[in-house]
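Right, one structure below, let's go through it.
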Amino acid sequence: MHDYPRPQMRRTKWTSLNGLWDFAVDPECVFRTPDDPPWEARIRVPFSPETRASGIGNPGFYRACWYRREFEHRRPEGDARLMLHFGAVDYNATVWIDGHLAGMHDGGYTAFRFDITDLLGEGWLHVLAVRAEDDPADLSKPRGKQDWQLEPHSIWYPRTTGIWQTVWLETVPATYIEALRWTPNLERWEISCEVWLKGRARDDLYCSVELQGGGRVLARDRYAVMAGEVHRRVALSDPGIDDYRNELLWSPAKPTLISASVRLETASGEVGDAVESYTALRQIGVQGEKFILNNRPYQLRMVLDQGYWPETGMTAPDGNALRHDVELAKAMGFNGVRKHQKIEDPRYLYWADRMGLLVWEEMPSAYRFTRASIHRLTREWTDVILRDVNHPCIVAWVPFNESWGVPDLPSTQAQRHYVQALYHLTKTLDPTRPVVGNDGWESVATDVIGIHDYDHDPARIRARYEPGDHHRLFKREQPAGRLLSLSENETEQPIMITEFGGIAYSRDVLHTWGYSRAENPEDLANRYFHLLTAIRSIPYLAGFCYTQFTDTYQETNGLLYADRSPKFAFDAIALATRGPQSPHDQRLDWEWRERLMKRQQSQYAMPADDHHTTNDPR
């Protein structure tokens with residue numbers, strides 16, 4: 001199940017088209033048809049041509065690239081349709097099948113598909129071609145951390161051009177399930193089910209839904225399809241007592257999933273289409289200064305995760321790598337991640353759902369405020385929300401970060417309206433989750449005040465966030481030299497430090513950087529311990545997010561090296577992250593303090609050189 005590219009809506013028969021494709025670089029974007037490029041190279045899809053794993057390894061400037069491959073597939077029988085899916089292509093994709101135009105798509109982080117049934121030529125063998133246009137200098141498109149300079153600098157990384165997620169085929173019936181939506185409601189102890197159909201219109205169809213959880217069937221219902229849609233609320237048998245209710249609730253401590261089967265049937269019970277899905281009973285919100293999970297205050301302990309790998313860029317090496325990242329975040333004591341400037345592979349969200357890791361999903365930024373950037377970001381952000389809204393792990397949406405794309409937010413009314421509009425659009429598409437309108441500073445519409453503060457001195461951190469003096473914090477302190485809120489009225493909202501730390505450690509001091517620097521692994525452990533102790537001591541914080549999960553290219557402020565090995569012991573990282581929570585933890589805490597005082601460097605010795613990837617910048 002976890003290898004299927006769309007784990008929230010699984011069918012049994014699908015064909016991956018990943019592997020070796022013909023490839024050509026088109027530096028000035030001059031080729032117009034698949035007959036034009038000189039097919040002189042081979043690329044391994046889904047890795048972008050900038051990466052070594054692709055077999056190309058070309059990080060330079062070029063405005064387009066081309067892909068071509070043959071595949072075998074018989075035309076579907078009867079009225080069935082053959083769908084061609086792309087997980088993500090950066091940025092403008094044009095697709096041909098057997099020389100016929102299949103369609104076009106704009107947006108580098110969202111999935112799309114085409115019905116190619118009527119384009120297939122005779123026989124088994126077919127030719128698929130893709131042109132990907134991606135101007136490296138265009139700052140008005142959502143690009144996230146992809147650098148516009150030739151060499152990565154500061155906090156920006158190598159570009160990602162073309163196909164970077166799975167390409168796959170799937171056969172569906174003439175009338176098929178196009179989309180599902182699950183919305184839990186704890187007050188009514190129910191799950192709303194919405195189903196949208198596509199294809200040939202029929203008025204004799206029913207939708208059968210079965211939910212299972214806790215080893216038993218929770219519901220088995222059948223609904224008439226009206227105008228190609230189903231909108232129903234599935235009432236569950238309420239056990240009443242919290243002890244029994246809690247058995248079904250989803251949380252990081254107990255990530256209980258509810259499996260769902262959805263079948264499209266005729267009145268006689270003949271099955272036309274069937275998909276497997278899942279959902280969860282969990283509720284997210286804010287209440288005063290608290291972040292709320294399942295109607296209880298919940299302290300967020302998050303880590304900033306850029307989602308890059310040394311050999312493969314934004315694409316995970318394989319499905320196991322996605323699972324491993326979830327496991328590592330939990331092993332370090334975090335209960336959540338802030339996916340930074342990247343829309344992650346849905347399989348990562350599947351493992352976060354299954355293993356219990358909260359996710360803040362953040363839209364990759366454009367860096368100019370133009371008509372084009374407004375249109376592009378709004379459209380793509382809408383697609384992102386609709387793609388990922390069913391994942392119980394997602395507990396917040398973040399359309400903007402640090403005023404990127406709205407650089408004159410304090411002084412320009414149009415930019416303030418833009419942030420407010422995206423906030424309200426997000427709440428319209430999904431009213432069940434908090435929205436952080438502009439994370440970091442200059443809030444104009446938000447459910448959580450997110451603060452970015454890279455002061456490395458724990459004493460100054462404690463003094464700045466002294467309890468009971470929010471007015472001074474908002475009006476005078478201004479971390480990073482920015483106003484935290486552009487509102488005249490102070491409101492009672494959860495406050496979180498959503499970026500801090502950034503303590504770098506690398507042997508290569510000349511070519512790497514961070515917001516502050518440790519001398520060795522022991523010094524990093526010491527700094528992390530004291531900084532996290534200070535952050536955890538601030539009573540009104542609803543949570544925090546440490547920068548960052550792994551080293552990412554030249555930015556070496558990860559708790560892990562780029563190859564995911566730890567810079568100091570996992571148990572020490574986890575203890576500093578969460579604080580002592582048991583007698584065992586308290587003993588470890590005391591022992592660790594003793595070790596730090598005695599500066600026993602051997603406890604946190606760096607792993608051997610041959611344990612790391614060859615491109616580790618150290």
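Would it be correct to say that residue 348 is among the aromatic types (Phe, Trp, Tyr) and within 11 Å of the chain's Cα centre (by Cα)?
Values: among the aromatic types (Phe, Trp, Tyr): yes; within 11 Å of the chain's Cα centre (by Cα): yes.
Answer is yes for this residue.
Note on segment 540-577: residues that are assigned to a strand (DSSP E or B) and not aromatic (Phe, Trp, Tyr) total 10.
Residues in segment 179-195 that are farther than 20 Å from residue 249 by Cβ and over 22 Å from the mean Cα position of the chain (by Cα): 194, 195. Among the residues of segment 513-543, those that are within 15 Å of residue 452 (Cα to Cα) and open to solvent by 10 Å² or more (accessible area, probe 1.4 Å) comprise 514, 515, 516. One residue alone among 548, 478 is closer than 22 Å to residue 358 by Cα and either at pLDDT 95 or above or polar (S, T, N, Q) (or both), and that residue is 548. Among the residues of segment 311-332, just one is crowded, with 20+ Cβ neighbours inside 10 Å, among the small types (Gly, Ala, Ser) and touching a helix residue (DSSP H, G or I) at 6+ places or on another chain (Cβ under 8 Å), namely 316. Of the candidates 432, 428, the single residue that is among the polar types (S, T, N, Q), modelled with pLDDT of 95 or more, outside any loop (DSSP other than H, G, I, E, B) and open to solvent by 10 Å² or more (accessible area, probe 1.4 Å) is 428. For segment 167-184, filtered to residues that are closer than 18 Å to residue 388 by Cα and not β-branched (Val, Ile, Thr), the residue that is most open to solvent (accessible area, probe 1.4 Å) is 178. Please determine whether any residue of segment 570-580 is at positive phi and more than 26 Å from the chain's Cα centre (by Cα). Scanning segment 570-580, I find at least one residue that is at positive phi and more than 26 Å from the chain's Cα centre (by Cα), so the answer is yes.
Just to be sure before I move on: is residue 15 of a type in the set (Ser, Thr, Tyr) and part of a loop (DSSP other than H, G, I, E, B) in the structure I sent? In short, no.
When the criteria are applied in full, residue 448 fails the requirement of being open to solvent by less than 10 Å² (accessible area, probe 1.4 Å), of a type in the set (A, V, I, L, M, F, W, C), touching a Phe, Trp or Tyr at 6+ places or on another chain (Cβ under 6 Å) and at pLDDT 95 or above. Per the listing 12, 51, the residue uniquely surrounded by 14 or more Cβ atoms within 10 Å (Cβ to Cβ) and of a type in the set (Ser, Thr, Tyr) is 51. Contact map, segment 442-460: first residue closer than 15 Å to residue 514 by Cα, second residue open to solvent by less than 10 Å² (accessible area, probe 1.4 Å) and hydroxyl-bearing (Ser, Thr, Tyr), Cβ cut-off under 9 Å, separation 6 or more or different chains; pairs are 452/498; 452/547; 453/465; 454/547.
Take the residues in segment 482-512 that are under 23 Å from residue 338 (Cα atoms) and among the small types (Gly, Ala, Ser), then tell me which one is surrounded by the most Cβ atoms within 10 Å (Cβ to Cβ). Per the stated criteria, the residue is 501. Among the residues of segment 212-266, those identified as of a type in the set (Gly, Ala, Ser), in contact with a Ser or Thr (Cβ under 8 Å, 6 or more places away or on another chain) and buried (at least 18 other Cβ atoms within 10 Å of the Cβ) are 213, 260. Whether any residue in segment 107-116 is farther than 29 Å from residue 159 by Cα, at pLDDT 95 or above and open to solvent by 50 Å² or more (accessible area, probe 1.4 Å) is what I want to check. Yes, there is a match, as at least one residue in segment 107-116 is farther than 29 Å from residue 159 by Cα, at pLDDT 95 or above and open to solvent by 50 Å² or more (accessible area, probe 1.4 Å). With respect to (1) in contact (Cβ under 8 Å) with a residue 60 or more places away in the chain; (2) open to solvent by 70 Å² or more (accessible area, probe 1.4 Å); (3) among the hydrophobic types (A, V, I, L, M, F, W, C), the lone exception for residue 191 is condition (2). Of the residues in segment 58-74, at least one is farther than 20 Å from residue 169 by Cα and among the charged types (D, E, K, R).
Restrict the check to segment 132-155 and report whether at least one residue is in contact with a strand residue (DSSP E or B) (Cβ under 9 Å, 6 or more places away or on another chain), open to solvent by less than 40 Å² (accessible area, probe 1.4 Å), aliphatic (A, V, I, L, M) and closer than 18 Å to residue 364 by Cα. The answer is yes; a qualifying residue exists.
Once segment 15-48 is narrowed to residues that are open to solvent by 60 Å² or more (accessible area, probe 1.4 Å) and among the charged types (D, E, K, R), the residue that is modelled with the lowest pLDDT is 40. Looking across 87, 99, 121, one residue alone is among the small types (Gly, Ala, Ser), surrounded by 18 or more Cβ atoms within 10 Å (Cβ to Cβ) and in contact (Cβ under 8 Å) with a residue 12 or more places away in the chain. It is 87.
Scanning segment 358-399 for residues that are closer than 29 Å to residue 301 by Cα and small (Gly, Ala, Ser), we see that the one that is surrounded by the fewest Cβ atoms within 10 Å (Cβ to Cβ) is 365.
The values are calculated or read from the model by the stated rules, or taken from the named source; none is laboratory data. Keep in mind that what you see is a predicted model, and the values were worked out from it rather than measured. Note that we place each Cβ from the backbone using ideal geometry, even for glycine, and neighbour counts take in every protein chain shown. For accessibility, only protein heavy atoms count, side chains too; no ligands or nucleic acids. Shrake-Rupley method; radii C 1.70, N 1.55, O 1.52, S 1.80 Å.
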